[in-house]
1. Determine ³J(HN,Hα), in whole Hz, for all residues of the range 359-367 in sequence, where each value follows from phi through the Karplus function 6.51 cos²θ - 1.76 cosθ + 1.60 and θ = phi - 60°; x replaces Gly and Pro.
2. Tell me, what is the FRET efficiency for Arg18 and Asp61 to the nearest 0.05, using R0 = 22 angstrom and their Cβ-Cβ distance as r?
3. What GluC sites (Glu not before Pro) in the range 276-372 are in a loop by DSSP, with at most 10 other Cβ atoms within 10 Å of the Cβ?
4. Leaving ligands, DNA and RNA out of it, work out the accessible area of Phe172 with a 1.4 Å probe and give it in Å² to the nearest 10.
5. Using only the alpha carbons, work out the radius of gyration and Dmax of the range 154-249 in angstrom.
6. Starting from 0 in steps of 10 Å, tell me what percent of the Cα-Cα pairs of the chain lands in each bin.
7. Hey, what angle do you get for helix 46-63 against the long axis of the chain, alpha-carbon based, 0 to 90 degrees rounded to 10?
8. Accessible area of the range 85-146 with a 1.4 Å probe: how many percent of it is carbon plus sulfur?
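The values are calculated or read from the model by the stated rules, or taken from the named source; none is laboratory data. A quick note: this is a predicted structure, and the numbers were derived from the prediction, not measured. Ideal geometry is used to build each Cβ from the backbone, glycine not excepted, and the neighbour counts take in all protein chains shown. All accessible areas refer to the heavy atoms of the entire protein, side chains included, with ligands and DNA or RNA removed. Shrake-Rupley method; radii C 1.70, N 1.55, O 1.52, S 1.80 Å.
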Amino acid sequence: MSATQEHPPVRTLISPARYAQGPGAIERLGELVAPIGRTPLVVADDVVWGFVGDAVTRSFDAAGLPLTRDGFGVYATAAAVESIADRAKELGADVVVGVGGGSVIDAVKAAGHLAGTRWVSVPTVASTDAPCSALSVIYDDEGGFEEYRFFPHNPDLVLVDTRLVANAPVKFLVAGVGDALATWIEARAVARGDGTTMAGGLPTATGTALARLSWDILWEHALPAIDAVRDHLVTPSVEKVVEANTLLSGLGFESGGLAAAHAIHNGLTAAPQTHGLTHGQKVNIGSVTQLVLEGAPVEEIRAFVEFTTRVGLPNTLTEVGLTPGDVADLTRVAEAATAEGETIHAMPFTVRVPDLVDALRSIEGFSRRVRADAGLPEPVPHVAH
């Protein structure tokens with residue numbers, strides 16, 4: 001009898017213990033951290049600390065918590081994770097609080113696991129769905145994808161201050177929309193097959209439904225939310241999009257499943273031409289390419305290209321520093337995206353390297369035609385930095 005027969009797969013859903021969101025929420029951080037741990041280590045880079053430090057300090061003082069803040073570099077590397085874990089042990093911290101973007105949050109989750117502490121996510125931008133998950137993406141020093149690390153539980157708290165999100169550059173919200181739009185595209189593909197999710201089982205109907213809810217909210221509210229954040233305003237649309245980008249996409253990808261789009265993102269990190277792009281920008285290339293691989297209805301792909309162009313996301317190779325003629329580079333991207341263990345293998349059909357290379361090359365001409373027909377701007381070439 002096989003292991004599978006002995007232990008049939010289960011459907012599973014995982015989530016943070018608490019999610020809190022709203023304008024000014026950072027002022028309640030100490031109050032919400034206190035029940036989790038009494039000796040916190042806060043990790044935030046100097047730029048982030050410059051605009052949250054006073055509020056965090058006030059909230060910790062009010063909750064009677066000591067405050068130790070350490071800085072952070074650029075990427076969630078293995079070395080950065082070990083450094084934070086060592087510092088937490090040295091301090092005797094019982095909770096590590098990551099404040100900032102996806103990299104510091106991923107590093108703190110991984111470090112908290114290594115150090116045997118609890119962990120809290122405080123994203124200051126709504127640029128990825130990393131804050132809610134029980135996994136971290138580890139990169140090398142140049143920002144190339146190295147591995148996923150999985151943990152036995154999600155953060156004890158995810159706190160999002162939508163005033164901070166609205167005050168951040170709008171490109172971060174746009175990136176979050178790109179990351180979150182992939183959630184439904186991938187979850188529905190996983191649901192059609194027998195792939196497992198990041199939660200360690202088959203997808204639940206709940207996880208898949210949350211992925212769809214994220215998608216529906218974004219199609220209705222992303223454009224007005226982006227306009228509001230350009231003016232640093234918090235509106236109902238901003239609140240909805242922040243929740244879609246952070247909570248719904250987080251639950252949806254983890255318990256609904258990842259497929260080709262995020263694997264293609266991981267492959268693109270191997271191309272130096274894409275450096276300087278956000279996670280969500282690269283994921284959006286993955287989403288368009290996955291739709292092509294699926295043979296999705298042309299009108300569906302056309303609508304996605306039009307919508308993501310209006311959002312400000314790339315849907316051509318040109319916009320990520322590549323061209324259809326870069327066959328050798330695109331082959332390396334495809335090889336990385338189809339490596340053993342990659343999420344592309346959760347697709348309900350086998351994706352071979354040549355298939356993926358052709359799909360990647362095809363999006364340039366298709367997206368350009370769709371944009372021209374709709375009177376939308378031509379792609380602007382990306383220059384890596």
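1. Values per residue, Gly and Pro as x: 5, 4, 5, 6, 5, 4, x, 5, 5 Hz.
2. Numbers: r = 22 Å, r/R0 = 0.98.
That pair, Arg18 with Asp61, gives E of 0.55.
3. Working: sites: Glu294, Glu299, Glu300, Glu306, Glu319, Glu335, Glu340, Glu342, Glu364; in loops: Glu340, Glu342.
Answer by residue number: Glu340.
4. Counting only protein heavy atoms, Phe172 exposes about 60 Å² to solvent.
5. 14.3, 45
6. Reading the bins upward from 0: 5, 25, 34, 25, 10, 2, 0.
7. Rounded to the nearest ten degrees, it is 40.
8. Working: 720 of 1720 Å².
Using a 1.4 Å probe with all protein chains present, the range 85-146 comes out at 42 percent carbon and sulfur.
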